[in-house]
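Enquirer: Provided herewith is a single structure, encoded as structure tokens, for subsequent inquiry.
The values are calculated or read from the model by the stated rules, or taken from the named source; none is laboratory data. This is a predicted model, so every value here is computed, not measured. Using ideal geometry, Cβ is built from the backbone for each residue, glycine included, and neighbour counts are taken over all protein chains shown. Just the protein is used for accessible areas: all its heavy atoms, side chains included, with ligands, DNA and RNA removed. Shrake-Rupley method; radii C 1.70, N 1.55, O 1.52, S 1.80 Å.
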Amino acid sequence: MRHVADIPHPAVKITLLAWNSKFLLKLEQGNLEQTYKVAELDLLTGTDAEARELLDDEFLAAAIGRFQAMRADLQAAFERHELR
């Protein structure tokens, strides 16, 4: 796996990786993580610049909302099992 770039963002840590003819868009917020695999063949030229274009405002807003839902799901599981 090759580290391509760290992409600055105020709300999430974004890492772009390359592996096995795919780009991995890894988003992290606290103890949660989302990874999106994009095949180079799904892009016009298969470059990391195109993979970065996917990280537009609409995509990131949805991913940040998903982190909130993930956090709520995890908290609910802890509460159901009286672990917190």
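Enquirer: Can you name the residue in segment 1-43 that is part of a loop (DSSP other than H, G, I, E, B), touching a helix residue (DSSP H, G or I) at 6+ places or on another chain (Cβ under 6 Å) and not polar (S, T, N, Q) and is also least open to solvent (accessible area, probe 1.4 Å) among such residues? Please lay out each step first, then the result.
Expert: Start the filter on segment 1-43 by keeping residues that are part of a loop (DSSP other than H, G, I, E, B), which leaves 1, 8-12, 20-21, 30-31, 43.
Remaining after also requiring touching a helix residue (DSSP H, G or I) at 6+ places or on another chain (Cβ under 6 Å): 11, 21, 43.
Applying the additional criterion that residues be not polar (S, T, N, Q) yields 11, 43.
Values: 11: 44, 43: 26 Å².
Per the stated criteria, the residue is 43.
Enquirer: Look through segment 44-63, keep the residues that are among the small types (Gly, Ala, Ser) and exposed (fewer than 11 other Cβ atoms within 10 Å of the Cβ), and return whichever of them is nearest to residue 8 (Cα to Cα).
Expert: The qualifying residue nearest to residue 8 (Cα to Cα) is 49.
Enquirer: Working only within segment 19-55, note down all residues that are of a type in the set (S, T, N, Q) and within 19 Å of residue 1 (Cβ to Cβ). Please lay out each step first, then the result.
Expert: The first filter runs over segment 19-55 and keeps only residues of a type in the set (S, T, N, Q), leaving 20-21, 29, 31, 34-35, 45, 47.
Within segment 19-55, 20, 21, 34, 35, 47 meet the criteria.
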